[in-house]
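The values are calculated or read from the model by the stated rules, or taken from the named source; none is laboratory data. Computed from a predicted structure; not experimentally measured. Note that each Cβ is placed from the backbone with ideal geometry, even for glycine, and that neighbours are counted across all protein chains shown. Side chains are part of the model used for accessible areas, which takes the heavy atoms of the whole protein and leaves out ligands, DNA and RNA. Shrake-Rupley method; radii C 1.70, N 1.55, O 1.52, S 1.80 Å.
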Amino acid sequence: MNDHSSLTIRGIGAAPGIAIGKAFLLERGRIPVPRYRLFGEQAVAEECKRFEKAVAEAEADLEAIKKSIKTEFREHARLLEVQQMILRDPSIYDESLRYIKEERTNAQLAVIKSLRKAKELFNSLSNDEYAKSRIADVNAAGDRVIRILAGQNHTNLEHLHERAVIVAHDLSPADAIQLQAGRTLGIVTEIGGSVSHTSIVARSLGIPAVTGVENAARLISNNDFIIVDGRTGIIIINPGESELRFYTNRQDEISAYLKQISRHAHLPAQTSDGHRVSAEANIEAVEEIVAAKDNGAEAIGLYRTEFFFMNRVELPDEESLYRDYHDLAELMAPSQVTIRTLDLGAEKLTSWCPTLEEANPALGLRSIRLCLHYKEIFKTQLRAILRASAVARNIRLMLPLISGMEEIYQARRIFKEVQAELSAKRIPFDEDMPFGAMIEVPSAVAMADLLAQEVDFFSIGTNDLIQYAIGIDRSNEHVAYLYEALHPGVLRFIKQAVDAGHEAGIPVALCGEMAGEPLYVPILLGLKIDSFSMNPVALPRVKNLIRRSSMKECCRFANQVIHMRTASEIEQAVSKMVMRKFPEEFHVFDPNWTGNSTLAVPNKSGS
Ligand code: PEP
Ligand code: MG
């Protein structure tokens, strides 16, 4: 192997870890699409039947894949339901039939035309990452039908017999959930971002992934030897000996380090000088409790309930919500679970909830605003949560995107109405269930002293707080460089919210991605965060650093940092601190760390 022949390309680091191995190019290949006109009513009727049969077959395929998914990844089956929904969506199904009947086009062409129209509609609605991932779903669903019509089987990843790094233009959720963690060393895709479905699945399977790699499928050939760094987004094609040695060593170091710290993941999150905090998990589905517990979660600090509402054709009823919350409470008891009420809107869309034409959906009718607008939906959810609270009295209720007192008053009024209705029917619930607010917008920070008198706890949602504090759209690559978790303004907001909460005697959690970034542990401890809630896989590393930190030292450090003027000054201080105190953590994961590597949204070139 020659060092000079290697090629380095970059994308977005979507799931951490290093993969080294042969590339398996998932080439669906273009299917030739015949174009012909149908003559006579009988030909039209037969073509309609052929189309309907192909859709039914595609649905059955998806159903079979759903059944084959291992129990621990069942939540991802919902992603397949999205494709099933797309197949039956009038904009695809009825529209394709219309093309066949009215324009007398053959079925494949009819599907292509209706797909094109649906994608144009998606593009015109939004250009955010979530909408883009929906376009991938539309493509995947359409591709399946077109292949069936052409008499070709859909590419099936089960044909992957060797351990390999999968390289694809796009990997649909249906493909991603078929990935066998043992056989799939890594994933590289040309499109998709850090919140695309493929990234979500890759992270929970522990498969390193890099997305958004322009021309990956052209630059990488089948059987090329490649290195994928899912943290930095670097891909090296045909690496030289020294590169290979470097990444093999890194891979060994990472797994040895993780193995070593995982042994202590179940110990309490307590600093070396006896300050106790709580290390908790963020989950989107009850099934993730297994991973949360395995990684040492002391509680569920954020249950994102909207995922149960998404990816389904109808609004879930109270009974199904109750069962979900009941199971969550029972499985985690006696530990606490914080159930966040519906945080729909902006990038989180559903087919059953009417979406408005909004110029700025992130500033629109989303989250708690949407719940207060559609009061019955909110009440149904509250009823289900309250009923489930009787199981083990371990549920906390949390309201997202609170911007001021009025929303708390209104939500509390509705909450009391629901309690009164349940009491009248003698349905038991936990009368002392804590009622909390997320701090995600600047006005909530400004009002934190008064809000703290109305609620039982705060949880700081830094994913949104950073976005709204700095006034940038996370999905806009032109301002991605401004998405700085360590911006002094963001840190001051965090401090203000924590201090206001503590002044009023209530605990303050942090449940944004920042909580799962080990490098931020000293600052967040020093700012006196009480609970850190994060992606379950981040728990062992964060807990390890918490246990090895001195609270006294962290407070001193945070005190210095809070007076610094720029994010880069703070980043340097953080690097120095972590490098000095936790050299293995720094060395193993971030030899070239330059600040916000995991939280920033890199642009296309990954720079
Ligand atoms: C946040 O905004 O930090 C948060 C935890 O909520 P979400 O990521 O679900 O918007
Ligand atoms: Mg949020």
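Some points to look at:
- Qualifying residue in segment 399-413 (condition: touching a Pro at 6+ places or on another chain (Cβ under 9 Å) and open to solvent by less than 30 Å² (accessible area, probe 1.4 Å)): no
- Enumeration of residues in segment 545-563 that are in a loop (DSSP other than H, G, I, E, B) and within 14 Å of residue 494 (Cβ to Cβ): 562
- First in segment 496-518 and within 14 Å of ligand 1 (Cβ to nearest atom) and assigned to a strand (DSSP E or B), second anywhere and open to solvent by 60 Å² or more (accessible area, probe 1.4 Å) and not basic (Lys, Arg), Cβ under 7 Å, 6 or more apart: 508/502
- A single entry from 513, 503, 484 fulfils the requirement of being more than 27 Å from residue 294 (Cβ to Cβ), within 24 Å of the chain's Cα centre (by Cα) and charged (D, E, K, R): 484.
- Within segment 397-431, tally of residues that are assigned to a loop (DSSP other than H, G, I, E, B), out of contact with any Asp or Glu (no Cβ under 9 Å at 6 or more places or on another chain) and more than 12 Å from residue 385 (Cβ to Cβ): 5
- Restricted to segment 446-473, and to residues there that are charged (D, E, K, R) and part of a loop (DSSP other than H, G, I, E, B), the residue that is nearest to ligand 1 (Cβ to nearest atom) is 473.
- Failed item, numbered, when residue 579 is tested on (1) in a helix (DSSP H, G or I); (2) under 24 Å from the mean Cα position of the chain (by Cα); (3) at pLDDT below 90: (2)
- Selection over segment 437-476 of residues that are buried (at least 22 other Cβ atoms within 10 Å of the Cβ), under 16 Å from residue 345 (Cα atoms) and more than 10 Å from ligand 2 (Cβ to nearest atom) gives a count of 1.
- Hits in segment 314-362 (condition: modelled with pLDDT of 95 or more, within 15 Å of ligand 1 (Cβ to nearest atom) and charged (D, E, K, R)): 340
- Highlighted here are the strands (runs of 3 or more DSSP E) found entirely within segment 1-80 that include at least 1 residues which are open to solvent by 50 Å² or more (accessible area, probe 1.4 Å), in the same structural domain as residue 206 (by TED's automatic domain parsing) and at pLDDT 80 or above: 7-10, 18-25.
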